[in-house]
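Working notes for the structure below.
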C-alpha cells in the first residue's frame, strides 16, 4: 500500500522535475543570457614603450580632424565587445571636446571572430565614400550581429550613397592586403588584444579609464593653446 502511494506521488513529481529541467535547458539554449558588458577601469592603464623594431606605418581611416591636438591610434576588431565600449567612450569624449581628438583606426583581427574580416573590409569600402566615422560607430553598436545583411544595412545607414560601388569593393576584396598589413604591424609591435592604443611612443592595452583619456585630451589642448599664444 505504501509502495503504491509512493508511486502515485513520486511519478508526477519526477515528471514535473523532468519538464522543468527540460524547459530551463531549452530556454538557456534558445534565449541565452546577455553577456555582461565589459567594465571601464577606474584607474589609469599602464603603458609600455613601443619596441624600436615596431613599424606601425600610417593608417588610412580617421575619426576627427587631422590636426586635432590629441592624436591616438586605435587597433581594434569590429566583433570585440571591449572595443564597442571603447568606441562609446571616444564618442562621448569627442562630444565633450569638439575638434580636440583625432583617432587613426587600424585593424587587428582576432582569430575566431568570424564576421570581423567582412566588417573590416566593409569599413574600408565605406571609407572610400567618406562614411567611415559614422560606420565605425554603427558597427561597434552592433558588434554581436555583424552578418552580411547587417553590415550592408549599416553601410546605408552610415551614409554610403553608392551601394553598387560598396558591393563591388567587398566582392573584389579590395582592401584585404591593407587589413592584413595592419594586423601584421600590430603583431610585430607586440599588440596582443583589442582594443590596443598608441599614444605618443607608448602602447596601452584594453579599455582605458575615462579620467586617463580626459587628462590626455586636456593636456594636449593646453599645449596647443600655449603654442598658439607663443606665436
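See the values below:
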read-out: Length gained when the stretch residue 168-residue 96 is fully extended (0.36 nm per residue, less Cα-Cα span); value: 22.2 nm
read-out: Relative exposure of 49, 72, judged by other C-beta atoms within 10 Å (fewest first); value: 49, 72
read-out: Whole-number percent relative contact order across region 79-231, with pairs defined as alpha carbons under 8 Å at least 6 apart; value: 31
read-out: Spacing of the two label points (7 Å from each Cα toward its C-beta) at residue 46 and residue 145, in nm; value: 4.1
read-out: 150, 226, 104 arranged by Cβ crowding within 10 Å, fewest neighbours leading; value: 226, 150, 104
read-out: Exposure proxy ranking, count of Cβ atoms within 10 Å, fewest first, for 58, 110; value: 58, 110
read-out: Computed Kirkwood radius, in angstrom, where 1/r is averaged over Cα pairs of region 48-230; value: 16.8
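Any read-out appearing in this document is the output of simple, stated calculations on the displayed coordinates, not a laboratory observation. Because the structure is a prediction, the values reported are computed rather than measured. Because the Cβ atoms are built from the backbone with ideal geometry, glycine has one as well, and the counts that use them run over all protein chains shown.
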